[in-house]
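Here the structure is laid out as structure tokens; the discussion comes afterwards.
Values quoted throughout were computed directly from the atomic coordinates according to the rules given, and no laboratory measurement underlies them. This one's a predicted model, so the numbers in the text were calculated from it and none came from an experiment. Counting neighbours? That spans all protein chains shown, and the Cβs are built from the backbone with ideal geometry, glycine included.
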2 protein chains.
Amino acid sequence: MTVKAPGCSLCEAPGGRVVFQAAKWRVIHAREDGFPGFYRVVWEDHVAEFSDLPASDRALCMAAVAVVEQAVRAHLGPTKVNLAALGNMVPHLHWHVIARFDWDSRFPAPVWAAAQREAPPARISAVAASLPALEQDLIVKLADPA
Amino acid sequence: MTVKAPGCSLCEAPGGRVVFQAAKWRVIHAREDGFPGFYRVVWEDHVAEFSDLPASDRALCMAAVAVVEQAVRAHLGPTKVNLAALGNMVPHLHWHVIARFDWDSRFPAPVWAAAQREAPPARISAVAASLPALEQDLIVKLADPA
């Protein structure tokens, strides 16, 4: 049974399109304008901080993050991957895994900074077109992350 | 021997005040205006992405991140801790561990967003005054993170 907190948006809803559901975590595709290669690993239990987890669960969690990062790298060839667990707005442990490209609207600044340019729509579409193959691969690898 | 890349600022310099030096990583205190509780775990070898590391090194790295997070929580009582490995500017693996407070200049936005207010200098000083005790404790725990 998972531990839920009333009123927490990540306890009450998936928070995005579910790509893979494990016992203790799920991977969702986030809908973030201009950033098609944006996934989140969401911990199922309501915990605020990474270090609230025991070491074995931290390892499970980061193994999932690493598998998502590897799939993003293999299929999207990003300039860089950004990983972050912030949770200031929604204090329920979730890891952002974001494919960054030198043509995206914020690069090299973080996605949370002000826009520096408009990203070319054709580039965004090309990344989006690679997601089904990425996710097919991801599902296989997440089922056996070892 | 560590793997270095010519011209990389985190290969050529510590990148901040060194709090602890391990064989494969170091912890530095970052000097970031308005954010006194800002540490980084910097991987010694020049690797760009978290998933460039083998699983055993990812575990070592995240164990250090968790110990820093725990010390930050215990000594500073932050509203939230933010963790991030971005590296768009300096593609050498480093984890930001940032104590966030509801009074800081960006909260609840990420530190990379635009300022929303001026942080009270007395609050910043109070956090800074807690760092020596935090770091004394941190050094003990990083020497034996298990």
How many residues are touching a Lys or Arg at 6+ places or on another chain (Cβ under 6 Å) and either more than 8 Å from chain B (Cβ to nearest Cβ) or in a helix (DSSP H, G or I) (or both) if we restrict to region A:75-95?
2
So, in region B:1-21, how many residues would count as being free of Cβ contacts under 8 Å to residues at least 12 places away in the same chain and within 14 Å of B:Ala48 (Cβ to Cβ)?
1
Would you confirm whether or not region A:54-74 contains a residue that is more than 9 Å from every other protein chain (Cβ to nearest Cβ), assigned to a helix (DSSP H, G or I), surrounded by fewer than 20 Cβ atoms within 10 Å (Cβ to Cβ) and touching a helix residue (DSSP H, G or I) at 6+ places or on another chain (Cβ under 8 Å)?
yes
Just wondering, is there one or more residues in region B:102-122 that are touching a helix residue (DSSP H, G or I) at 6+ places or on another chain (Cβ under 7 Å) and surrounded by 12 or more Cβ atoms within 10 Å (Cβ to Cβ)?
yes
Within region A:96-114, restricting attention to residues that are free of Cβ contacts under 8 Å to residues at least 60 places away in the same chain and more than 15 Å from A:Thr79 (Cα to Cα), which residue is farthest from the other protein chains (Cβ to nearest Cβ)?
A:Ala114
Run B:Val90 past the list (1) in contact with a Ser or Thr (Cβ under 8 Å, 6 or more places away or on another chain); (2) farther than 26 Å from A:Val72 by Cβ and report the number of the one that doesn't hold.
(2)
